[in-house]
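First the structure, in the form of structure tokens, and then the observations on it.
The values are calculated or read from the model by the stated rules, or taken from the named source; none is laboratory data. Fair warning: this is a prediction, and the values are worked out from it, not measured in the lab. For neighbour counting, all protein chains shown are included, and Cβ atoms are generated from backbone atoms with ideal geometry for every residue, glycine included.
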Amino acid sequence: MKQFNAQVIEVIPRTHNVTSFRLVAEEILDFQAGQFMQVTLAVNGCEQSKYFSFSSSPTEKKYFEFTKKMTGSEFSKALERLKSGDMLTVKMPMGKFVLDGTASKHAFLSGGIGITPIRSILKDASDRGLPLDAVLFYSNHSPEDVVFRSELEAMAAEKKFRLVLSLDTKDVCPADWKGRCGFIDAKMIREELPDYQERLFYVCGPPVMVQSMVSILEGQLKVPGERIRKENFAGY
Ligand SMILES: Cc1cc2nc3c(=O)[nH]c(=O)nc-3n(C[C@H](O)[C@H](O)[C@H](O)COP(=O)(O)OP(=O)(O)OC[C@H]3O[C@@H](n4cnc5c(N)ncnc54)[C@H](O)[C@@H]3O)c2cc1C
């Protein structure tokens, strides 16, 4: 693991409350898609650190990126003030939420900001031309909350993986919505993934979401724990 200074080169709004920060560093970056970093910056004169998954892939060589849900916290406000040329301290890489190359079939379950390491993994596999049998379930409150939507849809259109977008309730599903309506549950998984017993599951999001997905997988669908990989975004 290394700690070094990195420079902000671009700040990219992704949705109304999610922003990506692209960074460059003189260090040689050595990380696996799906891992995370620690970011330290001055917040009202005091240094504060938080963990963020890479939302970029190791194949994107010109920068590395993390993507934050802006919550109104002091840390979020300090990030909002960042501009091109500003410096941050980064420690990386950390974590084991990476693609298991020994499995032949994968399923990703994600909600909201939990898409970040999964975007990294899917982009990496796509860029490296890995023949991936993968399905991504990605749930959000409303269409406006879907992070990386056009990119995920473009990769799915190229058959890099199958995308199942869902919105929380029927009330928020627009008339032209082509995805699913309702929370990801056992019924949705059974319908979309008849071969779910053969798949390795990756679950990422706020702890409440991860806990709920794991209890559906283990409790209702009887997926053994060793076939479930988890990344908890502790802090939400
Ligand atoms: C392995 C790992 C990977 C992670 N990856 C990501 C990632 O890719 N992207 C990401 O966004 N997060 C990620 N997280 C979570 C991240 O580290 C932070 O914990 C999270 O972003 C919350 O930080 P915060 O500064 O927004 O809120 P905190 O200040 O830590 O407060 C927690 C909650 O309180 C509320 N809150 C706090 N202050 C205010 C305020 N003034 N007004 C209103 N509400 C407030 C917010 O709703 C917030 O969610 C990851 C965590 C882990 C452990």
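Only residues that are within 21 Å of MET1 (Cβ to Cβ) and either within 14 Å of the ligand (Cβ to nearest atom) or touching a His at 6+ places or on another chain (Cβ under 9 Å) (or both) were counted in segment 19-29, giving 2. Filter segment 124-141 for residues that are among the hydroxyl-bearing types (Ser, Thr, Tyr) and surrounded by fewer than 22 Cβ atoms within 10 Å (Cβ to Cβ) and give the result. Result: SER126, single match.
None of GLU65, GLU60, GLU47 is within 30 Å of SER142 (Cα to Cα) and touching a Ser or Thr at 6+ places or on another chain (Cβ under 7 Å) except GLU65.
Looking at this structure, is VAL208 within 16 Å of the ligand (Cβ to nearest atom), β-branched (Val, Ile, Thr) and more than 12 Å from LEU109 (Cβ to Cβ)? Let's see the steps before the verdict.
Working: within 16 Å of the ligand (Cβ to nearest atom): yes; β-branched (Val, Ile, Thr): yes; more than 12 Å from LEU109 (Cβ to Cβ): yes.
Yes; evaluated as a whole, the condition is true for this residue.
Do you know which of the residues in segment 1-59 that are among the hydrophobic types (A, V, I, L, M, F, W, C) and exposed (fewer than 15 other Cβ atoms within 10 Å of the Cβ) is modelled with the lowest pLDDT? For segment 1-59, the residue satisfying everything is ILE28. In segment 218-228, the residue that is surrounded by the fewest Cβ atoms within 10 Å (Cβ to Cβ) out of those that are out of contact with any Pro (no Cβ under 9 Å at 6 or more places or on another chain) and either assigned to a helix (DSSP H, G or I) or charged (D, E, K, R) (or both) is GLU226. Restricted to strands (runs of 3 or more DSSP E) entirely inside segment 30-94, those with at least 2 residues that are within 9 Å of the ligand (Cβ to nearest atom) and in contact (Cβ under 8 Å) with a residue 24 or more places away in the chain are 36-43, 46-53, 64-69.
Here is a check on your reading of the model: is ALA186 farther than 30 Å from PRO58 by Cβ and outside the structural domain of THR59 (by TED's automatic domain parsing)? Yes. Determine which single condition PHE4 fails, assuming it passes every other condition in (1) of a type in the set (Phe, Trp, Tyr); (2) more than 9 Å from the ligand (Cβ to nearest atom); (3) closer than 27 Å to LEU130 by Cα. For PHE4, the failing item is (3).
Checking each residue in segment 95-123 for being more than 15 Å from the ligand (Cβ to nearest atom) and surrounded by 20 or more Cβ atoms within 10 Å (Cβ to Cβ) picks out LEU99, HIS106, ALA107, LEU109.
Does GLU192 meet the test of being among the acidic types (Asp, Glu), surrounded by 14 or more Cβ atoms within 10 Å (Cβ to Cβ) and either away from the ligand (no atom under 16 Å from the Cβ) or not assigned by TED's automatic domain parsing to the domain that holds ALA125 (or both)? Steps first, answer last, please.
Values: among the acidic types (Asp, Glu): yes; surrounded by 14 or more Cβ atoms within 10 Å (Cβ to Cβ): yes; either away from the ligand (no atom under 16 Å from the Cβ) or not assigned by TED's automatic domain parsing to the domain that holds ALA125 (or both): yes.
Yes.
A single member of ALA42, ALA25, ALA33 is of a type in the set (A, V, I, L, M) and under 13 Å from the mean Cα position of the chain (by Cα), and it is ALA33.
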